[in-house]
1. Can you give the net charge of the other residues whose Cβ lies under 15 Å from the Cβ of Leu361, counting K and R as +1 and D and E as -1?
2. Distance cut-off 32 Å, Cα to Cα: go down the list Lys243/Lys386; Lys73/Lys243; Lys313/Lys386 and report the pairs above it.
3. So for each of 367-377, 300-310, 275-285 I average, over its residues, the number of other beta carbons within 10 Å; can you give me the resulting order with the highest mean first?
4. In a shell of Cβ-Cβ distance under 15 Å around Phe264, excluding Phe264 itself, what net charge do Lys and Arg (+1) and Asp and Glu (-1) give?
5. How high is the FRET efficiency between Met279 and Leu110 when r is their beta carbon distance and R₀ equals 60 Å, given to the nearest 0.05?
6. Could you give the distance between the Cα centres of segment 38-116 and segment 267-323, to the whole Å?
Amino acid sequence: MDKIEHSYRFAQSLQDNIKTLLQHAGLSAELTEKLDPILYIGLIILLSFLLAWGIKLILVFPVKRLLQYKKIKSLKILMKRNLFSHLSWIIPPLVVIPLLSFALKNDPELFHLLEKICWIAFICALFSTINSLIYICWDIISQTDQLRSRPMKGMMQIVQGIFFFIALIIIFSIILDKSPVTLITGLGAFAAVLMLIFKDSILGFVAGVQLGQNDMVRIGDWIVMPNNMANGVVTDITLNTVKIQNFDNTIVTVPPYSLISGAFQNWRGMSDSGGRRIMRSFNIDLNTVHFCTPEMLEELKTIPLLKSYIEKKQEQQAQGKVMNTENSAGLVNGTIETNLGLFRAYLTLYLKQHPFVNQSLTLMVRTLEPDDNGIPLQIYCFSSNKVWESYESIQDEILEHTAAMMPRFELYPFQNASGRDYINSALITAGRSVSDLSGIPSGTLKNKTADKPS
């Protein structure tokens, strides 16, 4: 009652002062009666905005001064999202509403209209403040390590949508002079239409919950979706879209429910593991696989990695342990019986001492089932560096070294006929030597006479 009495006194004093000013201006009593409510309403609106501006200044100024001397993350977020500005906009309608009735006693229709406008302005200001608080919560959540990469943005948009829907219902109830409960009850008849309109949002919400609950995808994950031409890093997850930046910097957007309804490949497991897989094969020409001669073994002992291995294998052979699958000497996979077996042993030793190959993960060199293109020799290991550029460099180095070392073991890769093969065929037909053209560029072997007199 005291507040109402104070409001009445303030309004009465304001009206009396306005009338006095109008009378001193020499206006007639009739004109004064017409202008009095207009000036009164304009003045209380002006005063309410001045009050809001003053409160905003009182709140914002010390915070800005404090941030100049001390960086406080929470205060920075409040300033970034303009919380104090949104709060200040709540004040004008709350000031104007109780003072309106004193000026419009004789015009209830106009009073009712202006009161509706004030309440709608209040609801809009309140929703804007709540929306700002939601963004503040999102900023705080997005800075935590555990939740930063989770698809939480869609949940935030759902909360925003709920508050927006509530605000919209209240505004319509004010305009139509109906109870919000009555309006919500009436919406049941339009449920099918609403579900059709908000189909993507509903599916996105369900998908977002499943993606978050099962930890299927996070921001920063590299995913592959062949059907959607997506092959890159997830940059954003919202209620309706998942944004993916492909390796060629193109942007692909897909609906979240497509991740649930379809299949996709997530490379996070590789990123979280100790290495990235290298699995490449060379097709070895079967015609080049043969038994190792004592002279060949002596020649290959000059390779530092193989000297100790060959000697230990020869010791095993002398003791009759070569066929022992347990291999008590702990030697790597391979044999000294054939050049291919010895090459497998060399590559295994090479990978075991490679500084950028993860030794704690699977590492092997094996032969696969022979086919029309020869016998595949597969290198299977994991690089310790998972960065794409570094991974490709490590993989290329291993493959190039493998290709370069093949001729030392008298092995040659199988490949389609090239110009060199046709030259070999022509030289053989002519009865000439092809020792310098047997698959290796000239200059890499000891100088030999290409053409010998018959």
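Just so it is clear, none of the values below were taken in a lab; they were calculated from the coordinates. Since we're looking at a predicted model, the values are computed, not measured. Cβ placement follows ideal geometry from the backbone for every residue including glycine, while neighbour counts extend to all protein chains displayed.
1. Neighbour charge sum, excluding Leu361 itself: +3.
2. Lys313/Lys386
3. Details: 367-377: 13.7, 300-310: 15.7, 275-285: 17.7.
Final packing ranking: 275-285, 300-310, 367-377.
4. Taking every Cβ under 15 Å from that of Phe264, the sum is +1.
5. On the way: r = 81 Å, r/R0 = 1.34.
In this case the efficiency is close to 0.15.
6. 81
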